[in-house]
Each structure stands twice: as C-alpha cells, then as structure tokens.
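**Student:** Submitted below is the structure of interest, expressed as structure tokens.
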Amino acid sequence: MSGLISGKKGSRRLLMGNEAIARGALEAGVKVAAGYPGTPSSEIVENLAKVAEAGNLYVEWSTNEKIAMEVAAAASFARLRSICVVKQNGINVASDFLLHLAGSGTRGGMLVIPCDDPGALSSINEGDTRHFARLLEIPLVEPGDFQEAKDMTKWALELSEELQCVIMMRSVTRLSHASGNVTLGDLPVTDVKAEFRHEGFPLDPNEGIITSAPVAFRHSQQQEKLKKATAAFESSPFNTYTGPEKPEVLIVTSSACNLYSREAINILKAEERVGILKLGTTWPLPEKLIENRLQKCDSILVVEEVIPFMEENLKILAQELEPKIGRKIFYGKRDGSIPSVDEMNPDLVIAPLAKLLGIEYQAMSEEYATNAMQKSFFAAPVRDLTFCPGCPHRASFWSINNVLKLDNNRGFVCGDIGCYTMATLPTGFSTLKTLHSMGSGTGVASGFGKLTQFGMNQSVVTVCGDSTFFHSVIPALVNAVHHKSDITLVVLDNSGTAMTGFQSHPGLEVDASGGDAVKLDIESICISMGAVVKKCNPFDFEKTQQLLFELLEIKEGVKVLILEQICALSPEKKAKKNFEMSVDESRCKGESCGCNRLCTRIFRCPGLVWHEESGISRIDEAICAGCGVCSAICPVGAISRKEVAYE
Amino acid sequence: MEILGTKELMEQVRDKGLCVSCGACVEICPYHKSYKGKIALVFDCDMTPCQCYAYCPQTETDRDLLSRTMFGTMDKGEALGQYRSIIAAKAGSKIKSNRFQNGGTVSALFTHALDSGLIDAAVLTGQNDDLPEPMLIENACDVASCATTKYMATPTLAAVHKAIRDGRKNLGVAGTACQVKALATIKANPLGKAEQENSIGLSLGLFCTWSLDTRKFSAFLAGETGGEKIVSMDVPPPPAETFKIKTENEEREFPLKEIRKMIPRGCACCPDMTAEWADVSVGAYEGKPGWNTLIIRSEKGEQWVEEAIADDYLVRDEFPRSRLEHLTLGADNKRKKAEEFLTKEKK
C-alpha cells in the first residue's frame with residue numbers, strides 16, 4: 001500500500017485487510033514485526049518491511065514461525081510493542097514457545113496474528129487457530145471488517161500491554177485479502193528505548209526473570225489476566241448488536257461471517273426479525289453481554305467457519321445461565337444447520353435462516369442452476385492446477401519421475417509445502433506420495449529410510465524448497481544423517497520463498513526490508529552434516545538423472561541433490577527468455593504411436609499448446625518462458641530452441 | 001488378432017511379471033524405457049493400437065502371420081519350428097578369434113554377413129561394465145567383442161529400434177527366442193509403419209532354455225566374484241546340474257538349482273527352445289564339444305549359411321538322426337512346461 005505511513009488522520013482509504021492490520025500496528029507504535037510467509041498472512045509483514053526504515057521499525061522474515069514468535073517476544077520483553085504474523089499452521093509450529101510465553105507473560109504489548117484459511121484456498125489444511133487460544137489460555141479477538149482490522153490491532157496491543165499477556169488476533173482469508181474503506185488514525189511519535197530489566201525480585205513481572213515457572217503461581221497469574229481480559233471484553237467496542245430489541249432469531253457471529261450474516265439478513269429482508277450479535281472478542285466470552293442478549297431470544301443461530309468453537313463456548317455459558325434465562329435452542333454446526341468444513345458464504349447463512357423464519361427462498365431457479373452447472377462443466381476449458389511455464393519444478397519432477405520409474409523398485413517421493421506440493425498432481429507427474437507440513441517430507445523419509453529391517457527395499461526420495469530447507473528440514477536431515485537413514489533429499493532451490501511472493505530467507509543476501517543479510521549455503525550445510533551432496537541445473541535432464549541414479553545406488557546414509565534454477569516468475573528474471581522456441585510442424589508426430597502428444601499431454605507446460613485441427617503441437621509465444629527444456633523431451637526432435645541474444 | 005495398446009500390454013504382460021526385458025517396446029516411443037535389464041513405463045499412454053503391444057513377444061502370437069512372413073507358408077506347429085535342414089557347424093579358417101561359447105558359429109555367420117554385405121549392420125549383445133548391452137556393429141572385426149553367452153535378459157530390440165530410428169536398414173540381429181519372435185513381428189509390420197520396411201535383413205536365433213534376471217544375476221556375480229572380470233559362463237550338459245563361471249583367476253561351479261531361482265517368470269511361459277522364428281538358429285551341440293547345432297529355417301538363412309561355408313567362414317558336419325530326436329525331445333519338454341505354467345496361470 002502506498003501511503004501506509006504517509007496517510008493522514010481522518011483520511012479514508014481503500015485498504016486490504018492485511019494493510020489495515022499493518023496500519024493499525026503503526027498507529028499502535030509497534031516497533032518489531034516478525035513472521036514467516038504464508039498465504040493469506042504475508043502482506044502484513046511485507047507492508048511493514050516497506051516502511052521499516054521510514055518508520056524506524058525492525059521487521060524480519062524469520063527462519064520459521066517459532067523463531068518469529070521468539071523474536072517478537074524479545075521485543076515485548078524489552079518493553080517494545082511487537083506483532084508476530086503467521087498463517088494458521090504457523091501457530092502449530094510456534095505453539096510450544098507460545099505455551100510457555102502464555103505462562104511467563106509479556107511486557108510491551110504483543111499480538112500474535114494468525115491468518116486462517118477456511119476452505120483451504122491456499123493451504124492443504126483448514127486448521128482453526130481459535131482452539132489454540134483456549135488451549136494456551138490467552139485472549140482471542142477477531143476483527144469483523146476492515147476498519148476493525150485496523151482499530152482492533154491498536155486496541156488489542158494496548159490491552160496486551162495493560163494485562164502483560166500475549167493476545168491472539170485472528171484474521172481469515174476473506175478479511176486479509178479483501179478490501180474495504182478504512183478511516184485512518186494518528187501515527188504516534190515514539191521514542192522508546194529497548195531495555196530488558198532482569199535484576200529485580202525474580203517473580204516481579206516488570207523487573208524479574210521471564211519464565212513460566214513456578215508453574216502454579218504463574219498459571220494462576222495467567223488466569224487472573226484472562227479474567228481481566230473478560231472484564232475488558234464486556235465493554236469492548238468490537239462487540240456489537242444490530243437488530244430489533246427482541247428478535248425471532250439471534251445470529252451470533254464473528255470475523256468474515258459477520259459480513260455474510262449481514263448480507264443474508266439483507267437478502268431475506270429480515271432486518272425487523274433477526275438480530276446480529278457480532279463478537280470481536282471471542283475467547284473468553286463476555287458473559288454479561290451474552291446473558292443480556294440471550295435473555296431476549298430463544299432461537300440462536302451461530303454462524304462461524306470450520307469448527308463449532310463459539311457454538312460450544314456459548315452452549316457452556318447457556319447451560320450455566322439456564323436458571324436465569326431459560327432454555328435456548330442453538331442452531332449451528334452441531335445440528336447440521338451450518339457446515340463444519342470449507343468456508344462460509346451468504347447462501348450458507350440464508351439456508352438455515354430462511355428455514356428458521358419460515359421464508360421460502362431460492363437463490364436461483366432450478367432451471368438456471370442446472371443450466372449453469374452444465375455450462376460450466378462442458379463449456380469451460382480444463383484448467384488444472386499447474387506449474388507455471390518455465391517452472392524448474394516441472395523439469396525436476398520430470399527427472400525424478402523418470403529415474404524412479406526406471407529404477408523400478410516402486411520408489412516414491414515424500415513432500416511438503418511449496419509450489420512443489422503440486423507434484424501430487426499430473427503437473428508434477430503425480431510423483432509426490434506423502435504430503436504434510438513444512439519439513440515433514442524429510443522427516444517422514446527419514447523414518448521410511450529405516451524400514452529396511454522390515455523388508456522395505458523401495459527407494460525413498462524426499463523434496464523440499466530452499467526456504468523450507470531452513471524452516472524445518474535441517475533438523476529432519478540431522479536426524480536422517482545421524483541414524484544412517486537411506487534417503488535421497490532433492491532440494492528444489494529456486495532462490496526465494498517463491499510460492500508466497502519471493503520473500504527473503506536465510507539462503508539469500510537480503511533481508512525483509514531489502515537490507516544486507518548473511519547468505520547461508522545449503523550445499524556446505526549438507527556437506528558439513530556428512531551427506532553425499534551433488535548439485536546441478538534441473539534444466540539439464542541428462543545430468544540430473546545421471547546424478548540421481550548415482551545417488552540412489554548408494555545404499556546407506558543420506559544423499560542430497562541440489563537442483564538449482566531460479567523461479568520462472570522471479571523478479572530477477574525480468575521475464576527474459578533464454579530461448580526462442582519453435583515446433584517443426586512437419587516432424588511433429590502428434591497423436592500417432594511413438595509420441596501420443598508427450599509434450600501437451602504429459603509434460604504439459606502451458607507454453608505448449610495442442611492444435612486440434614492440424615494435429616500438431618505449437619508454442620504459445622505469449623506465455624512461453626523460453627526455458628528451452630521442452631526441446632529435450634520431444635521424441636523426434638521437432639521442438640527446437642534458439643538462444644536469444646540480449647544486448 | 002487385435003493389436004491393443006500400452007494399457008493392455010501392462011495388464012497382460014508387465015503387471016503379471018511376464019516381461020522378459022527383450023526391448024521390443026523400447027526406443028519406439030517415449031513411454032517404455034529400459035534401465036539395467038528392466039523395462040519401465042515412465043508415463044501413461046492411452047493409445048491403441050500400439051507398436052509396443054504389437055511387437056511384444058509375450059502378447060498373443062499370430063503364428064500364421066509370422067510363418068508367412070518368415071517362411072512363406074502357414075504355421076505347422078512342430079516342436080523345432082520350421083526348418084530346411086539341421087547341421088553341425090563351427091567357425092571356419094577365416095575366423096581368427098577363439099573366444100567362443102561353443103563352435104563360434106554365431107560370430108562366424110555375422111562376420112561373414114558384414115564382410116559380404118548381406119547385411120548393413122548387426123545388433124549383437126556386448127558387455128558394458130557388469131551388464132550385457134546391445135551394440136550396433138558395423139565392422140566385421142568388432143563381432144568378436146560380442147561373443148559368448150551372457151545368460152542375462154538384454155534389451156536387444158531396443159538397439160534395433162534405435163538403429164531403425166536413425167535410418168538404418170537391412171539389419172542382422174542375434175537374439176533369443178523371444179527376441180527373434182519380436183523381430184519376425186517387426187518384419188511382418190502389422191501396423192504398416194514405413195520405417196519398418198526392409199529394416200530387418202537377417203535374424204539369428206539362439207537356443208535358450210531360460211535367461212536370468214539381469215539385476216539379480218549381476219548382483220550375484222558381483223558378490224561371488226568380488227568384481228573380478230568374468231571370462232566365460234557355461235551350463236555343462238546333463239546330468240551335471242551345475243553352472244560354471246570362469247574368471248581370469250579361477251573357475252567356480254554353482255548348483256544349477258540356485259541359479260534357476262533367478263529365472264524371470266516371463267521365461268516360464270516360453271515354449272520355444274530353438275528360436276523358431278529366425279532365419280537360422282544356433283545352439284550347443286551336446287556331446288560334440290567345439291561344435292554348434294545349426295538349424296537352417298528360411299531360404300535366406302540357407303543362402304547365408306551356404307555362402308559362409310563356401311567362403312570358409314563356417315565348417316559343416318553331419319547332424320545324425322539320434323541327435324535330432326534328442327533335440328526334439330528337449331524342445332518338446334520346454335513346450336510342455338510352458339503349457340503347464342500357462343494352465344496354472346489361468347487358474
């Protein structure tokens with residue numbers, strides 16, 4: 001966002017939710033921001049990094065989420081305000097530290113900001129971080145629109161500082177990545193000095209040591225803080241009620257579901273019949289406020305995404321309050337009114353609401369729905385998830401697939417998170433056979449590699465990206481080396497955290513704000529661990545496959561093949577083509593035996609297109625990245641490449 | 001007989017473990033590839049009909065088509081296949097090398113064929129490190145480097161296809177029963193591929209009772225010899241029941257039943273001991289060391305042998321009736337065993 005720092009108080013701007021959070025952090029005087037890239041969270045740290053110099057901030061892309069949390073915590077311990085931003089699964093990575101941080105308490109205001117991804121639009125899980133707040137016993141707040149995203153950031157940081165306890169502020173994809181109007185506030189002029197006080201009485205929260213022990217003492221302190229948070233939540237400006245005094249149905253909702261609920265009521269023209277209790281503070285629940293609302297309505301529809309977190313907490317409260325407020329009927333996930341997987345939308349709110357109100361509602365006629373479904377099924381071109389034109393991963397998996405198939409002992413690849421996750425699909429020749437969290441490919445492989453004593457003789461290969469290597473592969477690799485696990489790790493080094501937008505990582509010479517950083521060399525690290533290491537360019541199929549065969553021959557211990565080739569979309573490439581590609585139409589065998597469209601049916605680079613009428617393949621000049629790789633796959637040499645000379 | 005595609009080839013042959021790694025499906029398309037004696041499908045192919053299915057010796061055989069192609073007649077179904085005559089043979093005075101499995105008939109015939117221009121080039125089985133490897137031979141003097149039996153499955157046909165793709169014609173090829181059957185099919189050209197016209201000049205079949213899994217046997221050899229160079233390997237005639245391996249420093253014998261464990265399943269369904277779909281077939285002459293049994297099958301084969309004898313590449317001797325009965329018995333036994341295997345397989 002331009003003007004993140006120059007925007008004046010009172011001016012209105014169209015801001016993405018993540019930009020609003022970044023601006024809120026600036027308005028709160030945050031000095032340190034740390035995170036690990038992950039959609040939909042990345043823009044918060046990215047935007048703060050851009051203004052780090054101008055705003056005198058320290059912003060970093062940490063090696064992983066746990067370290068990001070520790071870096072942000074250190075700032076808080078030194079009485080600065082800080083935020084740590086991660087995607088939902090980042091909380092899992094950081095949870096061990098967070099559990100201890102919840103117990104030890106903080107000093108300067110500190111927010112943990114997970115951006116969840118209900119519906120897994122950019123994830124392979126739809127983990128709900130709200131449970132962590134309850135598990136770790138820390139306050140949880142959730143902005144319900146874009147203005148709140150900014151304002152709540154500041155409010156929660158102030159509350160955190162007051163309570164001396166870390167607060168979780170959860171966003172979701174549809175809030176982080178959508179945009180809305182936001183009225184800006186003031187940017188404070190701060191001149192805080194970082195100082196860690198540790199010489200006082202050990203149990204003194206401001207001057208003592210910071211730790212979660214003695215546990216019973218600190219734990220009770222932590223629960224006292226939660227009570228104070230609950231008291232503050234009772235009068236929080238982010239808990240709002242809209243609707244008639246005594247509605248027929250009370251919707252209790254939060255986050256992006258607030259917007260869906262509002263839209264649903266509007267579409268059903270039920271403003272006079274339905275009330276919305278929008279909660280900005282979702283754990284612990286503000287009991288009095290809830291009691292007040294439940295008293296006035298017996299039918300409660302809880303609208304939230306993924307798991308019934310609010311619903312369950314509300315039911316506990318309603319049970320406790322029953323003598324005072326009577327019996328309430330809840331509708332939500334538990335009775336199937338609202339689905340408990342995938343993201344929500346207005347239609348999914350309308351369905352149960354219309355039923356409760358006795359309104360006949362059909363979003364579209366059946367005829368239209370059938371027609372639309374048929375049109376989209378038959379008329380829309382097939383567009384699979386695919387690697388980009390010129391993507392080095394396509395080349396790498398081409399070789400890995402070839403070698404494993406030829407090795408012919410049912411070898412397989414364990415993978416993890418990155419663009420290369422797509423190697424479970426045809427674009428990566430369906431080479432990946434296990435897929436879990438970051439770094440887990442190598443950990444899982446390390447385990448497979450020790451199963452020879454039980455008769456397993458399949459080749460075990462694992463892949464990771466360069467950023468993932470630093471994030472969490474190193475410990476797994478240490479484990480594999482130490483235990484002489486028979487595995488081959490292929491590092492798909494494309495020189496950046498490419499999937500999330502080329503954020504810096506420890507293998508690069510720059511940091512988050514573009515300043516100088518120390519580059520760590522993956523090859524030297526692996527060699528120093530005692531692995532057999534080879535390195536080459538994945539665009540060279542022959543060499544890549546030869547090296548991979550050689551490494552698979554070595555039957556004990558860890559082998560590493562580093563395939564180094566910059567991401568096709570990397571800003572450094574400046575969209576330059578190395579080769580002009582062309583197809584000799586007279587030689588192209590097309591669909592006949594001996595080829596059967598290898599390039600457009602199997603290799604499937606989007607830069608190659610099948611021309612149905614003439615029965616030959618062609619190059620799509622507009623999107624071909626000019627990597628030159630496809631010339632090596634054509635069985636009859638019909639694809640040729642000509643080097644492009646640049647001045 | 002319907003020619004199907006890769007999917008059916010996988011279902012009927014490879015997935016059942018019946019592939020003998022002859023190489024008939026390799027180097028004709030980018031999907032089937034050979035590596036260290038095993039053939040793999042690297043990517044799925046959904047075409048039909050396909051050359052891979054058509055040439056595979058383990059899919060259904062159109063015996064009449066092969067018979068018409070090779071011998072100009074309908075199939076007769078005899079144990080030794082069709083032949084014009086059977087003789088005893090060994091290398092003649094023109095052949096200087098003495099490193100042969102038996103009588104050197106194979107080396108002699110190919111040396112003659114290349115010298116005389118009967119063929120343009122030959123595909124024979126040589127050695128690369130510890131694995132057998134098919135080689136394209138253009139000069140008669142290189143034939144000797146491919147002598148001696150390897151006992152391992154070799155993708156000879158892959159080299160044939162590669163040579164054809166490179167524009168070669170009139171090739172001479174030596175191979176086992178499965179391989180010469182594939183050659184005869186290529187010659188019949190059931191899919192009418194232009195590049196296959198006149199691609200096969202002469203085929204020489206090698207008697208074969210079984211072959212060994214290349215990966216298992218090469219690992220066995222490496223383990224037993226400690227990497228020492230192997231000079232020759234041999235199965236002495238019954239009732240020896242042994243397998244002889246001669247290295248530069250010693251000669252060792254192994255019980256044949258241990259070696260037989262490495263026979264691929266695909267060999268068990270082969271009914272053809274004497275390589276019936278070749279122009280000529282060559283094997284050991286049991287009881288006459290230093291000589292080969294040579295079955296002359298086609299007219300072209302007969303011409304080849306006669307010229308080789310006339311030009312002193314080959315020497316002939318009588319092949320007595322008693323030996324013929326013995327040979328027929330052996331061939332019959334193999335055919336019966338294959339039938340038994342297939343009956344069991346169907347159950």
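The values are calculated or read from the model by the stated rules, or taken from the named source; none is laboratory data. Note that this is a predicted model, so its numbers are computed, not measured. So basically every Cβ, Gly included, is an ideal-geometry build from the backbone, and we count neighbours across all protein chains shown. For accessibility, only protein heavy atoms count, side chains too; no ligands or nucleic acids. Shrake-Rupley method; radii C 1.70, N 1.55, O 1.52, S 1.80 Å.
**Student:** Spot the failing condition for A:Gln362; the list is (1) over 21 Å from A:Ile267 (Cβ atoms); (2) in a loop (DSSP other than H, G, I, E, B), and only one is missed.
**Tutor:** Unmet for A:Gln362, out of (1) over 21 Å from A:Ile267 (Cβ atoms); (2) in a loop (DSSP other than H, G, I, E, B): (1).
**Student:** Quick one: A:Ser212 ticks every box in (1) of a type in the set (S, T, N, Q); (2) assigned by TED's automatic domain parsing to the domain that holds A:Arg134; (3) closer than 25 Å to A:Ala149 by Cα except a single one, so which number is it?
**Tutor:** (3)
**Student:** Taking segment B:9-61, which residues are away from every other protein chain (no Cβ under 12 Å), surrounded by fewer than 19 Cβ atoms within 10 Å (Cβ to Cβ) and either of a type in the set (A, V, I, L, M, F, W, C) or in contact with a Cys (Cβ under 9 Å, 6 or more places away or on another chain) (or both)?
**Tutor:** B:Met10, B:Gln12
**Student:** Here is a follow-up. Please enumerate the residues belonging to segment A:626-647 that are in contact with a Ser or Thr (Cβ under 9 Å, 6 or more places away or on another chain), more than 14 Å from chain B (Cβ to nearest Cβ) and assigned to a loop (DSSP other than H, G, I, E, B).
**Tutor:** None; the set is empty.
The rows are residues; the columns are (1) open to solvent by 30 Å² or more (accessible area, probe 1.4 Å); (2) on the phi > 0 side of the Ramachandran plot.
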position: A:Asn578; (1), (2): yes, no
position: A:Thr600; (1), (2): no, no
position: A:Arg604; (1), (2): yes, yes
position: A:Val644; (1), (2): yes, no
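**Student:** With the requirement that a residue be basic (Lys, Arg) and open to solvent by 10 Å² or more (accessible area, probe 1.4 Å), what does segment A:252-283 give you?
**Tutor:** A:Arg262, A:Lys269, A:Arg273
**Student:** Could you go through segment A:4-26 and let me know if any residue there is open to solvent by less than 10 Å² (accessible area, probe 1.4 Å), under 23 Å from A:Ala213 (Cβ atoms) and among the hydrophobic types (A, V, I, L, M, F, W, C).
**Tutor:** no
**Student:** Provide a single number: the residues in segment A:358-413 that are of a type in the set (S, T, N, Q) and on the phi > 0 side of the Ramachandran plot.
**Tutor:** Selection size over segment A:358-413: 1.
**Student:** Give me the helices (runs of 4 or more DSSP H) completely within segment B:141-239, filtered to those with at least 3 residues that are charged (D, E, K, R), under 24 Å from B:Lys38 (Cβ atoms) and open to solvent by 10 Å² or more (accessible area, probe 1.4 Å), ordered by residue number.
**Tutor:** The qualifying helices (runs of 4 or more DSSP H) are B:214-225.
**Student:** Give the residues of segment A:73-132 that are assigned to a loop (DSSP other than H, G, I, E, B), of a type in the set (Lys, Arg) and open to solvent by less than 20 Å² (accessible area, probe 1.4 Å), sorted by residue number.
**Tutor:** Result: A:Arg107, single match.
**Student:** Got a sec? Which of B:Ile95, B:Ile119 is closer than 25 Å to B:Asn198 by Cα and open to solvent by less than 60 Å² (accessible area, probe 1.4 Å)?
**Tutor:** Residue meeting the stated conditions: B:Ile119.
**Student:** If you don't mind, another one. Do we find a residue being within 30 Å of B:Gly72 (Cβ to Cβ) and assigned to a helix (DSSP H, G or I) anywhere in segment B:290-300?
**Tutor:** Taking every residue of segment B:290-300 in turn, at least one turns out to be within 30 Å of B:Gly72 (Cβ to Cβ) and assigned to a helix (DSSP H, G or I).
**Student:** Between A:Cys464, A:Cys526, which is in a strand (DSSP E or B) and outside the structural domain of A:Thr63 (by TED's automatic domain parsing)?
**Tutor:** After applying the criteria, what remains is A:Cys464.
**Student:** Here is a follow-up. Which of the numbered conditions does A:Val32 fail, given that it passes all the others? Conditions: (1) at pLDDT 95 or above; (2) open to solvent by 30 Å² or more (accessible area, probe 1.4 Å); (3) farther than 18 Å from A:Gly507 by Cβ; (4) of a type in the set (A, V, I, L, M, F, W, C).
**Tutor:** (2)
**Student:** Suppose we filter B:Glu340, B:Glu276 for residues that are assigned to a helix (DSSP H, G or I) and out of contact with any His (no Cβ under 7 Å at 6 or more places or on another chain); which single one remains?
**Tutor:** B:Glu340
**Student:** Filter segment A:497-523 down to residues that are part of a loop (DSSP other than H, G, I, E, B) and under 21 Å from A:Cys414 (Cα atoms) and give me whichever is farthest from the chain's Cα centre (by Cα).
**Tutor:** A:Ala498
**Student:** So if I check each of A:Glu542, A:Glu585, which one is open to solvent by 60 Å² or more (accessible area, probe 1.4 Å) and within 14 Å of chain B (Cβ to nearest Cβ)?
**Tutor:** A:Glu542
**Student:** Please enumerate the residues belonging to segment B:186-208 that are within 20 Å of B:Ile295 (Cα to Cα) and among the hydroxyl-bearing types (Ser, Thr, Tyr).
**Tutor:** Passing the criteria: only B:Ser203.
**Student:** List pairs: first in segment A:289-309 and of a type in the set (Ser, Thr, Tyr), second surrounded by fewer than 22 Cβ atoms within 10 Å (Cβ to Cβ) and not in a strand (DSSP E or B), Cβ under 8 Å, 6+ apart or cross-chain?
**Tutor:** What qualifies is A:Ser299/A:Glu248; A:Ser299/A:Lys328; A:Ser299/A:Leu356.
**Student:** Further question: Test A:Thr452 against the stated conditions and say whether it is within 30 Å of A:Lys555 (Cα to Cα), open to solvent by 20 Å² or more (accessible area, probe 1.4 Å), at pLDDT below 95 and not assigned by TED's automatic domain parsing to the domain that holds A:Arg618.
**Tutor:** yes
**Student:** Could you tell me whether B:Phe207 is closer than 22 Å to B:Cys146 by Cα, among the aromatic types (Phe, Trp, Tyr) and at pLDDT 90 or above?
**Tutor:** Considered against the rule, which asks whether it is closer than 22 Å to B:Cys146 by Cα, among the aromatic types (Phe, Trp, Tyr) and at pLDDT 90 or above, B:Phe207 comes out as yes.
**Student:** Something else: Out of the residues in segment A:591-625 that are closer than 22 Å to A:Asn401 by Cβ and among the β-branched types (Val, Ile, Thr), which is nearest to the other protein chains (Cβ to nearest Cβ)?
**Tutor:** Across segment A:591-625, the extreme among qualifying residues is A:Ile602.
**Student:** Could you list all residues from segment B:319-347 that are within 20 Å of the chain's Cα centre (by Cα) and open to solvent by 100 Å² or more (accessible area, probe 1.4 Å)?
**Tutor:** B:Lys337
**Student:** Still on this structure, I have one more. Please determine, by comparing only the residues of segment A:378-434 that are of a type in the set (Phe, Trp, Tyr) and crowded, with 21+ Cβ neighbours inside 10 Å, which one is farthest from the other protein chains (Cβ to nearest Cβ).
**Tutor:** Here the answer is A:Tyr420.
**Student:** Anything in segment B:74-92 that is open to solvent by less than 50 Å² (accessible area, probe 1.4 Å) and free of Cβ contacts under 8 Å to residues at least 40 places away in the same chain? List them, or say none.
**Tutor:** Selection gives B:Asp75, B:Gly77.
**Student:** Right, another one. Out of the residues in segment B:62-78 that are over 26 Å from B:Lys16 (Cβ atoms) and touching a helix residue (DSSP H, G or I) at 6+ places or on another chain (Cβ under 7 Å), which is nearest to the other protein chains (Cβ to nearest Cβ)?
**Tutor:** B:Thr69
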